[in-house]
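Please read the structure below before turning to the comments.
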Amino acid sequence: MSLIHVGMTTDMWTDDHRKISYMSITCHYATPQYDMKSRVLTTTSFPNEAKTADNIRKELQQQLVSVLGFDASVMNCVVRVTDQGANYVAALRPYRRLDCQDHLYNTVLRHALNPDELSETVPEVAETLQAAKALVRYLKQSGLTSRLSKTVKQMAETRFSTVFLPLESIESVYIELQEILQSRGESQRLHDVSPDVLAFLVQFLRPFYDAQRELEGDKYPTLNLVVPWLHKLELHCQPDVSDTPSQAIIRQRHLEWIIKKVHIQPLHKLAIFLWPKFSQLRMFTNAERDDIFQLAKRQIARFREEETAVQGADQAAAASISVSAPVAAGHAAKKRALAEFEEEWENIVEQDEDDDEVQQYMRLNHNMEGDGRDVLLWWKQHETLLPQLSRLARSVFSVPASSSSSERVFSAAGRVIEERRTGLKPSTVEAILFLHDAL
């Protein structure tokens, strides 16, 4: 695993009016003051060509190196987070890439709640989901939402993570809906929305919604949250003795798709190790713990190699200056006759500094302030005691768990490129979105 300098997210979007495709690149990093930052680097129009892996890789290289001025030699020190689209996976195969956790759980929900499959195995669940979707659409079109105490939310066609909010909003005003629809002679619109199924789906889907909301944050570290959220959702999907047969099927379907789609990578494990209150890694086997400890030590060793190389370059530059400078008469340094042997044979004190720092971290009292979530504050407070691990923490936590920051750029773009602004040049759109993010 090479050194990490920053995390980057990237995504693509096509506007609805002129069908121009855009590529967004967002940079994530932890400052020397241990503050999380994210910045939109560019939202550029994608060349009018197929979105193949080669074309995506070429455009990313063009934007990062040629336009933004990144050194091509450090591109391997960037961890990219994207969805699992085949073209992106292939485009970034030469580099380090992680799957977006938000997209992974969206994929789990999309497959587990597939309406055709649900109709065969748990038809009452399929009917409730379909009827709820139709009901929300009717309430919006008829203007009846204004008579409700709470707004009902619409389901997005492609974002299954949005299923929870419409169901929760319907459940919260269910009695009101009964009264309103009955007064209009339209009670049948609520007939297929089973109260029991609705209540179960709201209760069951809430942790998925909470996980996605927390994992898509960009104001705080999120990579360390991947392991605990996966564990929580796997436990949540285990069949319960009180489940009805249909509820057990729903849990099992979600569990199967989680196992198929969501996989923990070494960087996720390293991130949970660097969350002080979990440094003992009790959720892993002894063999897995040893692998993670060794990974941390290798990273520290590379930091030291990097520092040594920089110091060597500085010393060489200083020596070059001193050799070229005139030496005052009578003050030239005398070289000892045996100097070359003394330097070659001199005792070397062996110190496993990497092991010392990791072991010292393990022995610390890991009391954290507040709710124990502010990992960067803890590492800032222990930077003097654990300088290399603190640097490693800053590097690892620069990588986000999801690519949602790039998606948020396109949400803003959709509001910029509206029907009255279809004449905006792509360069103007990029400038507006850059300023929107920076201000």
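The values are calculated or read from the model by the stated rules, or taken from the named source; none is laboratory data. Computed from a predicted model, the values in this text were never measured in an experiment. Positions of Cβ are backbone-derived with ideal geometry, glycine not excepted, and every protein chain shown enters the neighbour counts.
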- prompt: Could you count how many residues in region 74-103 are over 18 Å from the mean Cα position of the chain (by Cα) and among the acidic types (Asp, Glu)?
  reply: 0
query: In this structure, is residue 167 more than 23 Å from the chain's Cα centre (by Cα), of a type in the set (A, V, I, L, M) and either crowded, with 18+ Cβ neighbours inside 10 Å or closer than 28 Å to residue 101 by Cβ (or both)?
result: yes
- request: Restrict the check to region 59-69 and report whether at least one residue is surrounded by 15 or more Cβ atoms within 10 Å (Cβ to Cβ), modelled with pLDDT under 95 and under 26 Å from residue 229 (Cβ atoms).
  value: no
task: Sort out which residues of region 9-62 are of a type in the set (Val, Ile, Thr) and either in contact (Cβ under 8 Å) with a residue 12 or more places away in the chain or under 30 Å from residue 374 (Cβ atoms) (or both), and write them in order of number.
output: 9, 10, 20, 25, 26, 31, 40, 42, 43, 44, 52, 56
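For residue 273, are the conditions met, namely being more than 22 Å from residue 84 (Cβ to Cβ) and crowded, with 21+ Cβ neighbours inside 10 Å?
Criteria met by residue 273.
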message: Would you confirm, using the coordinates I've provided, whether residue 9 is at pLDDT 85 or above and surrounded by 16 or more Cβ atoms within 10 Å (Cβ to Cβ)?
response: yes
message: Can you go through 293, 208 and tell me which one is part of a helix (DSSP H, G or I), among the hydrophobic types (A, V, I, L, M, F, W, C), in contact (Cβ under 8 Å) with a residue 60 or more places away in the chain and farther than 25 Å from residue 107 by Cβ?
response: 293
- prompt: Would you pick out the residues in region 54-73 that are within 21 Å of the chain's Cα centre (by Cα) and over 20 Å from residue 404 (Cβ atoms)?
  reply: 57, 64
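What residue, of 136, 193, is surrounded by 18 or more Cβ atoms within 10 Å (Cβ to Cβ) and part of a helix (DSSP H, G or I)? Please lay out each step first, then the result.
Values: 193 fails: part of a helix (DSSP H, G or I).
One residue alone meets the criteria, 136.
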message: I need the full set of residues from region 364-383 which are under 14 Å from residue 36 (Cα atoms) and either part of a helix (DSSP H, G or I) or polar (S, T, N, Q) (or both), in order please.
response: 375, 376, 377, 378, 379, 380
- request: May I ask you to verify whether residue 39 is outside any loop (DSSP other than H, G, I, E, B) and under 30 Å from residue 233 (Cα atoms)?
  value: no
- line: residue 252 fails exactly one of (1) free of Cβ contacts under 8 Å to residues at least 24 places away in the same chain; (2) in a loop (DSSP other than H, G, I, E, B), namely (2)
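Can you say whether residue 131 is in the same structural domain as residue 257 (by TED's automatic domain parsing) and in contact with a His (Cβ under 8 Å, 6 or more places away or on another chain), as far as the supplied structure shows?
For residue 131, the condition - in the same structural domain as residue 257 (by TED's automatic domain parsing) and in contact with a His (Cβ under 8 Å, 6 or more places away or on another chain) - is met.
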message: If I go through region 37-74 residue by residue, how many of them are in contact with a Pro (Cβ under 9 Å, 6 or more places away or on another chain) and under 14 Å from residue 7 (Cα atoms)?
response: 1
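Scan region 171-183 and tell me whether some residue there is in contact with a Ser or Thr (Cβ under 8 Å, 6 or more places away or on another chain) and in a loop (DSSP other than H, G, I, E, B).
Yes, region 171-183 contains at least one residue that is in contact with a Ser or Thr (Cβ under 8 Å, 6 or more places away or on another chain) and in a loop (DSSP other than H, G, I, E, B).
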- request: Taking residue 178 as the residue in question, decide whether it is in contact with a helix residue (DSSP H, G or I) (Cβ under 7 Å, 6 or more places away or on another chain), in the same structural domain as residue 232 (by TED's automatic domain parsing) and closer than 30 Å to residue 226 by Cβ.
  value: no
task: Identify, by number, the condition in (1) part of a loop (DSSP other than H, G, I, E, B); (2) at pLDDT below 90; (3) more than 21 Å from residue 281 (Cβ to Cβ) that residue 344 doesn't meet.
output: (1)
In region 83-125, the residues that are surrounded by fewer than 21 Cβ atoms within 10 Å (Cβ to Cβ), in contact with a His (Cβ under 8 Å, 6 or more places away or on another chain) and of a type in the set (Gly, Ala, Ser): none
